[in-house]
Amino acid sequence: MVEKKRAFITGATGQDGSYLCELLLEKGYQVFGLQRRASLPNTARIDHLYEDTENPDFVMLYGDLADSSNLFRIINKVKPHEIYNLGAQSHVGISFDKAEYTANIDALGPLRLLEIIRNVDFPIRFYQACSSEMFGKVLETPQKETTPFNPQSPYGASKVFAFNVTKQYRTGYGLFASNGILFNHESPRRGVNFVTRKITLGLSRVKLGLQPLLRLGNLDAKRDWGFSKDYVEAIWRILQHKEPGDFVIATGETHTVREFVEEVAHNLDMSLTWKGKGMEERGIDTKTGKTIIEVDPRYFRPNEVDMLLGDSSKARKVLKWKPKVTFKKLAALMTEEDFAYAEREAILHNTIANQRKFMSYGLQNGKNSSQRKTRRAKN
Ligand code: NAP
Ligand code: G4F
């Protein structure tokens, strides 16, 4: 019998990790995912992979990128053919508040893994999740593999460290260690405090009357937004290539945050106009005359990355990869899922409101609800 390929994925509970688990299971791998201990469940994105059947090819193991001995024990036991290091404190804004922690996980985490790979006596292919945030205040447009880095956050700086050590372990020790320089990629599984998901869920809630408005930061920031599922296909291809290297993965289109808001409003059949400038700018729903978008200084960052636009020609040529989902399609699919999610929230909200009304009616009449039902039945 042919031995199954074994993959170890850090960040398996995250957006990309969950899609990568699905992809590798479809491809016949045995998948081992790293899971952090949390006080509440953090496996919502992957629960479906073991809910239906006990899947012997999918195993989650407790651990943390801050804990070398734990990582060593897992790697030595699992003996993976491939390691995908997707685990990270991945929020750029939060990295300004949690700078040291971000560096520990995002910069030293990959170094810990590389040190283990260098010291075990079986070959492992290593993928490091790097980021277009490394280009920061861009020194060239579009950004490609040869564009110099100019990071603007503790997150960006940590990813530059990760990029450099991955490259050094490749050239210095001959490891099969590759960097993916991925531009922003989103999905319905995106964390709710990243701007795209905040907009798709927020505007859906506004539309259904669950919240009055949405507060955002810099509306002028431009990003090259793709679809996470397309990008994990690229990640897998990077490790299947005959030689290791560094690859930019991007759509080659850039849009402002404001344009993303407009696209989502359009999908929700809300007619939106902008009034005012800078911090005073507001998005108005022209049908109701109500303000539905406000600019809030809390969401601005000490340093901003104004514009990102990737050139993924190398990946398209060498890996035969190209994105399938466009900006419009991405906004549409995320809006559709979040509107459905908000509708479920609205049903729950109404049920609770009705229950409260029902209970307060009972209390006002000095009866509990079961007594009131009895009285009504008698009437
Ligand atoms: P994500 O949804 O935030 O997932 C991050 C994952 O890392 C989660 O599974 C998280 O666990 C885990 N993690 C956090 N701290 C950890 C620690 N100390 N030890 C072990 N695991 C830890 O991020 P994503 O969007 O899937 O991104 C995946 C990777 O690609 C990240 O490295 C990110 O920096 C990088 N990247 C993302 C993009 C993008 O646009 N999405 C672009 C470029 C690069 P919990 O579930 O327990 O929190
Ligand atoms: O959605 P974001 O938080 O993503 P950001 O900072 O570009 O980082 C993401 O992409 C990187 C790749 O380039 C990844 F490496 C990283 O892990 C992460 O996945 O913000 C996008 C833009 C920023 O310019 C931000 O200032 O949107 C702007 N923005 C405006 N209002 C906002 C908001 N961002 C957030 N999170 N929340 C807002 O209310």
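When the residues of the stretch 222-234 are filtered to those that are surrounded by 21 or more Cβ atoms within 10 Å (Cβ to Cβ) and within 12 Å of ligand 2 (Cβ to nearest atom), the one that is nearest to LYS137 (Cα to Cα) is ARG223.
Only one of the numbered conditions (1) touching a Lys or Arg at 6+ places or on another chain (Cβ under 8 Å); (2) surrounded by 22 or more Cβ atoms within 10 Å (Cβ to Cβ); (3) aromatic (Phe, Trp, Tyr) is not met by TYR127, and that is (1).
Can you tell me how many residues in the stretch 167-209 are in a helix (DSSP H, G or I), farther than 13 Å from MET334 by Cβ and in contact (Cβ under 8 Å) with a residue 60 or more places away in the chain? Counting residues in the stretch 167-209 that are in a helix (DSSP H, G or I), farther than 13 Å from MET334 by Cβ and in contact (Cβ under 8 Å) with a residue 60 or more places away in the chain gives 5. Of the residues in the stretch 193-213, at least one is within 14 Å of ligand 1 (Cβ to nearest atom) and among the β-branched types (Val, Ile, Thr).
For the stretch 258-304, a tally of residues being under 11 Å from LEU214 (Cβ atoms), in a helix (DSSP H, G or I) and touching a strand residue (DSSP E or B) at 6+ places or on another chain (Cβ under 7 Å) returns 3.
Please determine, by comparing only the residues of the stretch 44-58 that are surrounded by 16 or more Cβ atoms within 10 Å (Cβ to Cβ) and at pLDDT 95 or above, which one is farthest from ligand 2 (Cβ to nearest atom). Ranking the qualifying residues of the stretch 44-58, first place goes to PHE58.
Of all the listed residues (LEU208, LEU175), the sole one being away from ligand 2 (no atom under 15 Å from the Cβ) and closer than 25 Å to MET270 by Cα is LEU208.
Let's see how each residue does on (1) at negative phi; (2) within 9 Å of ligand 1 (Cβ to nearest atom); (3) surrounded by fewer than 16 Cβ atoms within 10 Å (Cβ to Cβ); (4) of a type outside the set (Asp, Glu):
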position	(1), (2), (3), (4)
ASP67	yes, yes, yes, no
ARG73	yes, no, yes, yes
LYS79	no, no, yes, yes
ILE83	yes, no, no, yes
LEU86	yes, yes, no, yes
GLN89	yes, yes, no, yes
ASP97	yes, no, yes, no
GLU100	yes, no, yes, no
ILE105	yes, yes, no, yes
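Identify the residue in the stretch 61-106 that is over 25 Å from TYR29 (Cβ atoms) and among the aromatic types (Phe, Trp, Tyr) and, among all such residues, is farthest from ligand 2 (Cβ to nearest atom). Taking the candidates together, the pick is TYR101.
The values are calculated or read from the model by the stated rules, or taken from the named source; none is laboratory data. Quantities reported herein were computed from a predicted structural model and do not represent experimental measurements. Glycine gets a Cβ as well: all are built from the backbone with ideal geometry, and neighbour counts include every protein chain shown.
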